[in-house]
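These notes are about the structure you will find just below.
The values are calculated or read from the model by the stated rules, or taken from the named source; none is laboratory data. Everything numeric in this text was worked out from a predicted model, so none of it was measured. Here the Cβ positions follow ideal geometry from the backbone for every residue, glycine too, while neighbour counts run over all protein chains shown.
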Amino acid sequence: MSTIDLKLNISLNNALDASSAIENANNGIGIGDERWRTLWHDPMRSEHINAVQKLADTLKPDCVNFLLLGIGGSALGAKALHNALGEDAPNFYVLDNIDPHTVEQTIGAIQSSDPTFEHTVVAVISKSGETAEITALLMVIEQIMQRATFVAITGKSGTLREYANSKKWATLPVPDGVGGRFSVLSPVGLFPAAMCGISIEKLLEGANEMDLRCQQIDDNPAAELASALVGSMQEGRPIHVMMPYCDRMIQFAHWYVQLWAESLGKNNANSQRVGPTPIAAIGATDQHSMLQLWREGPTDKVIGFVRVLDTPTTNLGNSTISESQKWLSGKTLGSLFLAQQIATEKAMHSAGQTTWTMTLKSLDAHSVGQFIALWQATVAIAGRLLQVNAYNQPGVELGKQLTRKALEN
């Protein structure tokens, strides 16, 4: 049973027919760059669960700090899972940038609770091992945290795989055909999730359930989203906002930004530069920063709201600071939060902006697995509607080459 409800308030002058894109996406399941859609099916499902859970069960009892070294899709999914569902122990750290100040601060924080680093697990994530930022971070961390336990999550072959084998580190696979931004439900995201107490079986169960819905020609939420968002972009609404009214989902908004931007910002089959501009916002905070622009600025946006119904009540009580705020008396924080989301959505409609709303009945591993699979399937269909390869990133690869040349010079 699905725990996600989707409501689209998007009308198009020329509605897109996604049926051929759905069929094409279904035909690609398990092939080449679309092996990610088999992550929740055996044999990969059982292989990954068994390997990840066995390693996590071995390491977690003695683990005080967990440090992840990754960038882009190698880190965003794990951060989002931890933010949404993670337990307090072990202490969870991510280095996904090479800012020296942040690196030094993180090392200091870890050392304060584990002076010798004997109770620290470091997961190094890179499919090839050729990502300069990860190599640089590993060079720093390994020389300082010599007594830490290192785990490499990497491809079947490559620089990191060879290095990990030479060091006799435990390793987990990044499967072939699973790119970084589609890897959160592979060991890339499952191992950090298991280390911070998240049910990886429930994540995959939820993803499988949603992916089955997203293969249907009718009643397909991914196709509805893809058609509406691509159609809106083609009709002059290229800015696509995801605004969770739930602090625990803000990292998933950042995950969505990478998924949407890196997958769809391309030259299409006609050599035209296409793609939406995704933006992450947070309700209700950004009502006080972005709402003015959205109300009276250009009507070039689609604003998406994510809300979670099962939240603590947290009564406000009956004492207010002034008579003018008496309307808050006897209410709850949850009801105020929901009212703000509804009001913001109505304000967008009256201002001529278009919206969608995604409602999660509760925030648990099952619903989060559904959320991930829904957006990944949406991108698979949207890429076909836009006639782009949703799985490459030539612009990113060029940036890596230019960085190396700049450093050498």
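Numbers below:
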read-out	value
Residue in segment 30-44 that is touching a residue at least 12 places away in the same chain (Cβ under 8 Å) and touching a Cys at 6+ places or on another chain (Cβ under 8 Å) present	no
Looking only at segment 190-214, and only at residues there that are among the small types (Gly, Ala, Ser) and under 16 Å from Lys60 (Cα atoms), the one that is surrounded by the most Cβ atoms within 10 Å (Cβ to Cβ)	Ala193
Val184 being in contact (Cβ under 8 Å) with a residue 12 or more places away in the chain and buried (at least 24 other Cβ atoms within 10 Å of the Cβ)	yes
Residue match in segment 152-161 (condition: in the same structural domain as Gly77 (by TED's automatic domain parsing), free of Cβ contacts under 8 Å to residues at least 12 places away in the same chain and not in a helix (DSSP H, G or I))	yes
Some residue of segment 181-195 being assigned to a loop (DSSP other than H, G, I, E, B), hydroxyl-bearing (Ser, Thr, Tyr) and touching a Lys or Arg at 6+ places or on another chain (Cβ under 9 Å)	yes
Residue satisfying all of: in segment 68-84; touching a helix residue (DSSP H, G or I) at 6+ places or on another chain (Cβ under 6 Å) and assigned to a loop (DSSP other than H, G, I, E, B); farthest from Val122 (Cα to Cα) among these	Gly72
Condition check for Lys127: assigned to a loop (DSSP other than H, G, I, E, B) and free of Cβ contacts under 8 Å to residues at least 40 places away in the same chain	no
Which listed residue is acidic (Asp, Glu) and under 19 Å from Phe150 (Cα atoms), from Glu87, Glu118	Glu118
Verdict on Thr313 being of a type in the set (Val, Ile, Thr) and either closer than 28 Å to Thr38 by Cβ or more than 25 Å from the chain's Cα centre (by Cα) (or both)	yes
Met242 being in the same structural domain as Met348 (by TED's automatic domain parsing), among the hydrophobic types (A, V, I, L, M, F, W, C), under 18 Å from the mean Cα position of the chain (by Cα) and not in a helix (DSSP H, G or I)	yes
Selected residue [touching a Gly at 6+ places or on another chain (Cβ under 7 Å) and surrounded by fewer than 23 Cβ atoms within 10 Å (Cβ to Cβ)] from Arg147, Arg161	Arg161
Breaking point among (1) crowded, with 23+ Cβ neighbours inside 10 Å; (2) part of a helix (DSSP H, G or I), for Val178	(2)
Filtered residues of segment 316-343 (kept if over 24 Å from the mean Cα position of the chain (by Cα) and under 30 Å from Gly231 (Cα atoms))	Ala339, Gln340, Ile342, Ala343
Residue match in segment 167-174 (condition: part of a helix (DSSP H, G or I) and either surrounded by fewer than 19 Cβ atoms within 10 Å (Cβ to Cβ) or of a type outside the set (Ser, Thr, Tyr) (or both))	yes
Counted residues, segment 90-112 - those being in a helix (DSSP H, G or I), of a type outside the set (A, V, I, L, M) and either in the same structural domain as Arg248 (by TED's automatic domain parsing) or within 15 Å of Ile144 (Cβ to Cβ) (or both)	8
Selected residue [modelled with pLDDT under 95 and either of a type outside the set (D, E, K, R) or over 23 Å from Ser46 (Cα atoms) (or both)] from Gly177, Gly86, Gly108, Gly70	Gly177
Segment 31-46 - residue that is of a type outside the set (Lys, Arg) and surrounded by 13 or more Cβ atoms within 10 Å (Cβ to Cβ) and, of those, farthest from Ser183 (Cα to Cα)	His41
Residues satisfying the stated conditions in segment 1-45, i.e. assigned to a strand (DSSP E or B) and under 23 Å from Gly369 (Cα atoms)	Ile4, Asp5, Leu6, Lys7, Leu8
Qualifying positions in segment 346-392 - of a type in the set (Val, Ile, Thr) and either in a loop (DSSP other than H, G, I, E, B) or under 20 Å from Gly73 (Cα atoms) (or both)	Val368, Ile372, Thr378, Val379, Ile381, Val388
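Rundown of residues vs (1) part of a helix (DSSP H, G or I); (2) in the same structural domain as Leu360 (by TED's automatic domain parsing); (3) more than 18 Å from Ala382 (Cβ to Cβ), yes/no style:
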{"site": "Ala228", "(1), (2), (3)": "yes, yes, no"}
{"site": "Leu259", "(1), (2), (3)": "yes, yes, no"}
{"site": "Ala269", "(1), (2), (3)": "no, yes, no"}
{"site": "Pro298", "(1), (2), (3)": "no, yes, yes"}
{"site": "Ile303", "(1), (2), (3)": "no, yes, no"}
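Residues are listed down the side, and each one gets a yes or a no for (1) assigned by TED's automatic domain parsing to the domain that holds Glu345; (2) surrounded by 19 or more Cβ atoms within 10 Å (Cβ to Cβ); (3) modelled with pLDDT of 95 or more; (4) in a loop (DSSP other than H, G, I, E, B):
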{"position": "Ser232", "(1), (2), (3), (4)": "yes, yes, yes, no"}
{"position": "Ile250", "(1), (2), (3), (4)": "yes, yes, yes, no"}
{"position": "Leu293", "(1), (2), (3), (4)": "yes, no, yes, no"}
{"position": "Ile321", "(1), (2), (3), (4)": "yes, no, no, yes"}
